2 protein chains.
Amino acid sequence: MSAPKNQIAVTVEDYLKQASVRVNAALEKYLPPESEAPTDLHKAVRYSTFAGGKRLRPALALASFEACHGQSDDDVLLAACALEMTHTFSLIHDDLPCMDNDDFRRGRPTNHKVFGEAIAILAGDSLLVYAFELLAKTGRAECIVTLARALGTKGMLGGQVVDIQSEGKKVGLETVNYIHRHKTAALIEASLVLGAQLAGAEDDVIAGLGAFGNKIGLAFQIVDDVLDLEGTTEALGKDAGSDLEKGKATYPAVVGIAASKDMARQLVDEAKLELRKLPIQSGILELIADYITTRVH
Amino acid sequence: MSAPKNQIAVTVEDYLKQASVRVNAALEKYLPPESEAPTDLHKAVRYSTFAGGKRLRPALALASFEACHGQSDDDVLLAACALEMTHTFSLIHDDLPCMDNDDFRRGRPTNHKVFGEAIAILAGDSLLVYAFELLAKTGRAECIVTLARALGTKGMLGGQVVDIQSEGKKVGLETVNYIHRHKTAALIEASLVLGAQLAGAEDDVIAGLGAFGNKIGLAFQIVDDVLDLEGTTEALGKDAGSDLEKGKATYPAVVGIAASKDMARQLVDEAKLELRKLPIQSGILELIADYITTRVH
C-alpha cells in the first residue's frame, strides 16, 4: 500500500525542524524589535523567546491542525506563537530566585541573571499578555478560554504552586502526578486542542486529541525527570541532577528510573490508542509521541 | 427641565458604591473559593482581590457601557471583573521586593509579605490569566485585543519598566508623562473602551471615550502622586511620602505640588470637553471625572 497522495513521508526530526522554522519566523514578526522602547523589556522578551527551544508545543498545534485537515494556516500560526510565548513566560518565572532559582537554561544564563529580577518578571508578564493578544487575533474566543484554563490556578500555575510547596518534602505518586499533569501536561494538551479547534474539528475529535496530549505531556515530563538524572549538564543546557539536589518531586524520586521509563512508554502507547480511535490522519502525531520517549531509550 | 425617565439622580459616591457592590458579587462568583486546591494560591488571589479597592476601573467600564445604552449587563460585568483582576495583578507584582518593595497596601501587608514571593508572583499571574478567561466569555475577541494592548510592552508593563528604571534618577516631564500614561492611564482608557465596545457603540464614540479615559487616567495618577505627599499613612493605607523616599519619577517631583494640581484639573476639564462632543448620556462619567480631582482639592 502506498501513502495517500496528500501525505508526504517525513521524519519526525524533519517535521519538528520545519515547524520550528515557521514558528520562529512568525515569532520574529509578532514580537516588537529590540530597538523599540522600552528597549530593555523587548530585549528581555526576545532573549528568552529565541533561546533555542524545540518549539514542541507549536509543532503539536500545527500537527493537530493538519491532522484535522485545517485550512487557514495564519490562525494556527498565531496559536502556535501564543503557545510558545506562554511556555517561555512560565520558564522565566519558574527560574526566578524565589521559585526554582536556576542560573542556566538552554545553555545560557537565565533571564533574571541577565536583565535582573524586575525586568524578568515583567518580561514574563509581557509574553503572557502577547500570547492572549495573538490568540485573540484569530477571532476565536473559545481558544482563549482553552489557553486560560490550561494556564490558570487549576492548570499550569496551580501545578507550579504545588511543585514549589513539595520541594524537599517526601511526597507520593499522587502529588507528583498532580504537579506534572498541571504544570506540564495541561499546556501540551491545550496545544493539541487549539490546533483541532482552529481546524474546525468535531467535539469528540477535539476531546480525543486533548486526551492524547495529556498523556504525551505527562510522558514528556517523566522523560525530562529521567534526563535530569541521566543526562550531562552540557547536553541538557542546565545543571544535571538539579532536581535531586533541590529535593524536587519527580517520578524517578518516587518510583525509580526503570519504572519511570516504563511509565513513560506506557503513556505513549495509551496516547497512540486514543489517536487511533479518531477519524483523522494521525501519522505525524504518532511519530512525535514516539519521539518523546526515544529521547531516553 | 426634568431628567429623562431612565436617568436616576445619584451622587458619584452612591454610583461608585453601587458599582462596587455589583463587581464584588461578580468577583466572588468568578474566583474559586479558598477551600479549592491549590488552597494557598486561591487564598493569595482572593487576599489581594478583596482588599477594599475602590473598583474605579470596573465603575468606569459600567458607566461607559450605560452611557452608550448598552443592554447585556452580564458581559460588561465580566469585563469589569477582568479589569479589576488585571489591576490587582499589577499591584501584586509592583509591590514585590525587586520592584517597589512595598510592605503595605490598602492598610494591610502586601501579598508577598503574607504568602511569600513565589506565591505572590503566581497569584498575580493567575489573576492576569483569569482576566483574559472572563473577557473571553463575552465571546468578543476584539475586547481581548483592547485589554492586551493596554497591558503589554507598549502599555502598562512598558510603563512599569520605565518607572523602575527611572527610580533615583533626575527625569523630565516627558519621562513622567510616559510612565503615567502607560502605567496608569492605559488601563483606565481601556476600561472606558471596553464598556463602549460591549455596548456596541460606534467607532468614533469608542475613540472619544478612550480619549476621555486617557485624560482622567493621567489626572488620577497626578492626584495619587500629590496624595502621596499630602496624605497621611493612615488615610492612604500605605506609607505616605514613599515616592519621595524612593526617588520615584512623579509630577510633584518634577513640576511641584501646585502645578501638579493645576495640571490634573486641566486634564479633567479637557476630558469633559471630549465627552461633550459625543452623542451619549455622559452625566455620571462627568461626575466621576470631577471626583478624581476633588480627592485633593
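List the relative contact order of region A:12-291 as a percent without decimals, with contacts defined as Cα pairs under 8 Å and 6+ residues apart.
Over region A:12-291, the number comes to 21 percent.
Could you check the spin-label model distance between A:Ala25 and A:Asp269? Points 7 Å from the Cα along Cα→Cβ, value in nm.
4.1 nm
Given labels modelled 7 Å from the Cα in the Cβ direction, how far is it in nm from A:Asn177 to A:Thr294?
In this crude label model, A:Asn177 to A:Thr294 measures out at 3.0 nm.
For A:Cys98, A:Cys68, which order do you get if you count the other beta carbons within 10 Å of each Cβ and list the fewest first?
The fewest-first ordering by Cβ neighbours comes to A:Cys98, A:Cys68.
Rounded to the nearest 500 deg cm²/dmol, what is the calculated helix-only ellipticity per residue at 222 nm for chain A, with -39500 (n - 2.57) per DSSP H run of length n ≥ 4?
After summing the helix terms and dividing by the residues of chain A, the value is -22000 deg cm²/dmol.
Return the loop-located trypsin sites (Lys or Arg not before Pro) in region A:130-196 (DSSP other than H, G, I, E, B) with at most 14 other Cβ atoms within 10 Å of their own Cβ; answer none if there are none.
Passing both the DSSP loop test and the Cβ count: A:Lys169, A:Lys170.
Compute the signed sum of charges (Lys and Arg +1, Asp and Glu -1) over the other residues within less than 14 Å, Cβ to Cβ, of A:Ala211.
After counting each charged neighbour, the total is -1.
Which of rounded, prolate, oblate describes the protein assembly as shown, given a ≥ b ≥ c as roots of the alpha-carbon gyration tensor eigenvalues and a/c under 1.5 marking rounded, otherwise prolate only if a/b is larger than b/c?
Prolate, since a/c reaches 1.5 and a/b exceeds b/c.
For A:Lys154, which aspartates and glutamates qualify as cross-link partners when the Cα separation must be under 15 Å and same-chain residues fewer than eight apart are set aside?
A:Asp163, A:Glu189, B:Glu34, B:Glu36, B:Asp40, B:Asp125, B:Glu133
Note the full-extension length gain between B:Asp203 and B:Arg106 as 0.36 nm times their separation in residues minus their Cα-Cα distance, in nm to one decimal.
Contour length minus Cα-Cα distance gives 31.2 nm.
Gaussian network model of chain A, Cα springs within a sub-10 Å range: biggest mean-square fluctuation belongs to which of A:Ala240, A:Ala185, A:Ala118?
In this elastic network of chain A, the residue with the biggest mean-square fluctuation among A:Ala240, A:Ala185, A:Ala118 is A:Ala118.
Just order A:78-89, A:104-115 by mean Cβ neighbour count inside 10 Å, highest at the front, would you?
So the peptides A:78-89, A:104-115, ranked by packing, come out A:78-89, A:104-115.
How many partner chain Cβ atoms sit within 10 Å of a residue's Cβ in peptide A:38-50, on average, as a whole number?
3
How do B:Ser282, A:Ser48, A:Ser64, B:Ser242 line up, fewest other C-beta atoms within 10 Å first?
B:Ser242, B:Ser282, A:Ser48, A:Ser64
Take the cross-link list A:Lys137/B:Lys29; B:Lys43/B:Lys113; A:Lys137/B:Lys215; A:Lys170/A:Lys238; A:Lys170/A:Lys248 and give me the ones stretching past 20 Å between alpha-carbons.
With Cα atoms farther than 20 Å apart: A:Lys137/B:Lys29; A:Lys137/B:Lys215; A:Lys170/A:Lys238.
For a footprinting-style exposure proxy, rank B:Ile280, B:Ile292, A:Ile216 by other Cβ within 10 Å, fewest first.
With the sparsest Cβ surroundings first, the list reads B:Ile280, B:Ile292, A:Ile216.
What is the set of long-range amide H partners of B:Arg105 at a cut-off below 5 Å, with H atoms built 1.01 Å from backbone N?
Correct list: B:Thr110.
What is the average number of partner chain Cβ atoms found within 10 Å of a Cβ in A:140-151?
Shielding by partners across A:140-151 averages 5.
Rule-based calculations on the coordinates, nothing more; no lab input. Source: prediction; values computed, not measured. So basically every Cβ, Gly included, is an ideal-geometry build from the backbone, and we count neighbours across all protein chains shown.
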